[in-house]
Amino acid sequence: MTQTSAYPARSSDAAAASSRTSVLLRFGLARLQPWSDWIVLIVTAAALYPMFGRSSDMGPFYSAAARCVLNGESLLSCLPQYPYQAALAVFFIPLAYLPPVLQRLIWYVIFVGCLVIAVRLTEAIVERLYPGSTRGQNLFWLRTIMLITCGKHFLDVITYASHDPLSLALIMFGTWALFNGREAAGGAWLAVAAAIRASPLIYLPYLILKRRLVACIVFIAVLFGVSLIPDIIGALRGGYTGHLTEWLGQVVGPALMPGNSSKLVFWNIWNGANLYNQSLRGVINRFATSPVFGLTPTMILIVVDGIFAVIVGVLLLMSPRRREYVPIDTAVLLIAMLALSPMSSRYHYIFVLPAVILATAATMTDPRIRTLGTYVLVASFLLRAGTSNDVAGQRLTDFAYTYGFMPLGAIALYIIFAAILWVWRPPGLSAADDKAASVRQPRISWRTSVE
């Protein structure tokens, strides 16, 4: 009588089950592959929240300003440490009466989302200017270089949880609209950004310079409309109606004139020898504490700001009045916002992000600019972040902050944009011009080919 063993059958069943598991696993990974970037982003943001978002007080701070507006109170009386436009507080009215833990969580999700929007809009733009820069391995290297060179700015803005990502996203929406020829929408988006953060007002003279009259008119109308919303709320509720005039008189007026003083609690931070003020004014305040060669600190600041403004003006005049060049103009203007602001702290340098992405894409995909762009990007990184972090040490970090390495690193990117505007043009524009020329002259080309 023969006996058969059950072991071979069991082994076969186990192998079949293992094979099915392997197939299902590969199938699942293939389905998740297109979403891998989003998965990594969500996991990373969730992991960073306990370290940064949960302890931040900026969400509750902005919400407190919203409560002041709703209660019909003057912001500088209700919340003396609040230096921003009252229109910013309007954005936080939906969060005003939520528990602080929810205010922090919701605001964290919003400003991380704004960072993602700013990056994706910039990538969409550079793909049009430099075709292939966001495809395959190029996208991997573009994002890797961006994260390495701007990682410190990401961590700074997440640590502080400021509203700068919101303003940056609005600016990039405006840039995208102008880039696609929608001037009214572009002017509106830029105006909203200026209504919640003063420095994007630099776009108004830019729109005038470029003779974008529709965008300019919409910008002015939307700016005043959004800025007056807190006063309208005050009027409807029988409360304070002088938010805009108060901010113009007590914050903007003194800030526009170097050397002024104010009793506002944040004034010494803006105008003192603050190590973390990385604007040109901050650098001058640390060095020119007394007259130099007969020039007062105020005169020195006016001269330095004037020279820098001339450089910005020259770059903008070099830029053709074509909608395709708006992103390059935006990169120039975002850096100018940081340099000319009365107060540019470390977390404000998230505004350099579009300029870095654009400069990196040009360096990677355009052989004509590769060598120059590589040197400039390395120098910019070392000045902005490489010499002011935990690895560099406190002594070198303090030295970099004292001597204004961060604004110098941002301004250094102007070299790449000057090269693009003066000598070269993005390959995407050249291809578009060639295509347009062939479309305009189809009959001549056909006749020539026949003959």
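For this structure, a couple of remarks:
- Within the set MET364, MET343, the sole residue that is assigned to a loop (DSSP other than H, G, I, E, B) and open to solvent by 10 Å² or more (accessible area, probe 1.4 Å) turns out to be MET343.
- Filtered by the rule that a residue be part of a helix (DSSP H, G or I) and open to solvent by 60 Å² or more (accessible area, probe 1.4 Å), the range 48-62 gives ARG54, SER55.
- Among the residues listed as ILE269, ILE208, the single one being within 25 Å of the chain's Cα centre (by Cα) and modelled with pLDDT under 85: ILE269
- Within the range 403-451, if we keep just the residues that are of a type in the set (Ser, Thr, Tyr) and at pLDDT 80 or above, the residue that is surrounded by the most Cβ atoms within 10 Å (Cβ to Cβ) turns out to be TYR414.
- Unique match (being among the small types (Gly, Ala, Ser), modelled with pLDDT under 90 and over 17 Å from GLU73 (Cβ atoms)) among GLY259, GLY239, GLY186: GLY259
- Candidates are the residues of the range 128-145 that are open to solvent by less than 30 Å² (accessible area, probe 1.4 Å) and in a helix (DSSP H, G or I); the one that is nearest to THR360 (Cα to Cα) is LEU142.
- Among the criteria (1) modelled with pLDDT under 85; (2) open to solvent by less than 40 Å² (accessible area, probe 1.4 Å), the one VAL192 does not fulfil is (1).
- Among all residues of the range 305-316, there is none that is at pLDDT below 75, surrounded by 17 or more Cβ atoms within 10 Å (Cβ to Cβ) and not in a loop (DSSP other than H, G, I, E, B).
- Options THR298, THR289: the member that is without any contact (Cβ under 8 Å) to a residue 24 or more places away in the chain, more than 22 Å from MET172 (Cα to Cα) and open to solvent by 40 Å² or more (accessible area, probe 1.4 Å): THR289
- Residue pairs whose Cβ atoms lie under 7 Å apart, separated by 6 or more positions or on different chains, with the first residue in the range 70-90 and under 17 Å from ILE196 (Cα atoms) and charged (D, E, K, R) and the second at pLDDT below 90 and open to solvent by 20 Å² or more (accessible area, probe 1.4 Å), do not occur.
The values are calculated or read from the model by the stated rules, or taken from the named source; none is laboratory data. The structure displayed is predicted, hence computed values, not measured ones. Positions of Cβ are backbone-derived with ideal geometry, glycine not excepted, and every protein chain shown enters the neighbour counts. When the accessible area is computed, the model is the full protein with side chains, heavy atoms only, and any ligands, DNA or RNA have been set aside. Shrake-Rupley method; radii C 1.70, N 1.55, O 1.52, S 1.80 Å.
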